[in-house]
1. Can you tell me the mean projection area, over all orientations, of the convex hull of chain B's alpha carbons? Units nm², please.
2. Can you give me the relative contact order of segment B:1-75 as a percent, contacts being Cα pairs under 8 Å and 6 or more apart?
3. Per-residue counts of other Cβ atoms within 10 Å, averaged by peptide: what ranking do you get for A:61-68, B:39-46, highest first?
4. Using a 10 Å cut-off on Cβ to Cβ distances, tally the other chain neighbours for every residue of A:40-50 and report the average as a whole number.
5. Taking each residue of A:104-112 in turn, how many C-beta atoms of other protein chains fall within 10 Å of its C-beta, and what is the average?
6. For A:SER18, what is the net charge nearby, where nearby means another residue's Cβ is under 12 Å from its Cβ and Lys, Arg count +1, Asp, Glu -1?
7. Could you tell me the relative contact order of chain A? Use alpha-carbon pairs under 8 Å, at least six residues apart, and round to a whole percent.
8. Output the Kirkwood hydrodynamic radius of chain A, Cα pairs only, in Å rounded to one decimal.
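Computed from the coordinates by the stated procedures, all read-outs in this text should not be read as laboratory data. As the structure is a computational prediction, the values presented were derived from the model and not from experiment. Quick reminder, even Gly has a Cβ in these numbers, built from the backbone with ideal geometry, and neighbours come from all protein chains shown.
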Amino acid sequence: ILNVEQSPQSLHVQEGDSTNFTCSFPSSNFYALHWYRWETAKSPEALFVMTLNGDEKKKGRISATLNTKEGYSYLYIKGSQPEDSATYLCASPRAYSGGSNYKLTFGKGTLLTVNP
Amino acid sequence: DVKVTQSSRYLVKRTGEKVFLECVQDMDHENMFWYRQDPGLGLRLIYFSYDVKMKEKGDIPEGYSVSREKKERFSLILESASTNQTSMYLCASSFWPGRQVVYEQYFGPGTRLTVT
């Protein structure tokens, strides 16, 4: 089973702070890295799908970077707001069906709480 | 907008009962997945399906079975519910073009199952 690790497990920040957290994954046979946001009482929602080393993606105040050679991705939130409070999950695909289809292995997530 | 719906948000069942959890997606996705989420363990894959009547075991299939009679519907079955199956169950779907591309997964709202 692929090992996908996230740190820290939880994080409390004040409104307006910028923050970041890490996802580590095996660098061999890398194919893609997903980030999801899971707000309480809602469904997990995809933020980014990243595939290329050095990739940087941005959605509003949230951005992510990818280093496939060393096996990590950072998620950054600039100027955190209370509505950013959620669990942030990363996931890496494992090949299935002769390598043409994939299933995801998820990290345990980082729980972010933004205090007003 | 992709929509994944699950039959119940909350369910309480007795030990030994047969339990059906239903999931429906409206975007003609090939792949469908069942996960369970437990504190400290993250999202773990129970079963997935890449086509009608096709299924594959995930990481924790013991005590579960699945059914996919129609492309849009994927059911998770607990043949004889046990207390250790008390958990949050999430269904997800994703597009698969039949070749080596990984698309994001779309999740349902989850079913919180309690087995007493």
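1. Across all orientations, chain B yields a mean hull projection of 7.0 nm².
2. 27
3. Ranked from most to least packed, the peptides come out as A:61-68, B:39-46.
4. 4
5. Mean partner shielding for this stretch: 4.
6. Net of charged neighbours comes to -1.
7. 36
8. Evaluated over chain A, this radius sits at 14.4 Å.
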